[in-house]
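Shown next, in structure tokens, is the structure this report addresses.
The values are calculated or read from the model by the stated rules, or taken from the named source; none is laboratory data. Bear in mind the structure is a predicted one, so any value in this text is a computation, not a measurement. Here the Cβ positions follow ideal geometry from the backbone for every residue, glycine too, while neighbour counts run over all protein chains shown. Calculation scope for accessible area: heavy atoms of the full protein, side chains included, ligands and nucleic acids excluded. Shrake-Rupley method; radii C 1.70, N 1.55, O 1.52, S 1.80 Å.
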Amino acid sequence: MVMSRVGFLWTKSLAPWLSVWAIRYKAGCDYKLSPKARGVRWLVVAVGYVLAASLPGPGFVRLVPGFTGLCFLCWPNLAYHFTNFFVDWPKTEGRVTSFTQSDSHPVISYTFEFDGNLYGGTTAIKSNGSAKGYSEGQAITVAYDPFNPDESKVFL
């Protein structure tokens, strides 16, 4: 009985999944998922659908896990962001490319090298008096996502 309900949920999910996938693919808005993030994605989909098919009680009780499974199915970036809470990104040395003072806080632009390519970003610094020591070319520590090196953060 549960497997037939899971099958029903799966077949009803195919149309939204394919529609959303086509839009995401054309827009290029998905992050590349690590093996761990892919595993989390499909685990959440499977557990959500099994709970939606097997929990007793009124329909709204099954709605939450079913909708959660559908969300992870249709938007894999949820798995990317969820797993980033539990993963330490590797660190490398980067360089400050510019240091500017905006009205409310200092901003550092930086670059770092990964896999023979140059990546970078900007970060706002909480104004605690220590930001005045940064200059162009200064070495800093940068943590980056090895699957999506455009995603990085500076350790100040």
### Task
Output the number of the condition that Thr100 fails; it satisfies all remaining conditions of (1) assigned to a strand (DSSP E or B); (2) surrounded by 14 or more Cβ atoms within 10 Å (Cβ to Cβ); (3) out of contact with any Lys or Arg (no Cβ under 8 Å at 6 or more places or on another chain).
(2)
### Query
What helices (runs of 4 or more DSSP H), lying completely within the stretch 1-96, carry at least 2 residues that are open to solvent by 50 Å² or more (accessible area, probe 1.4 Å) and in contact (Cβ under 8 Å) with a residue 40 or more places away in the chain?
2-27, 35-54
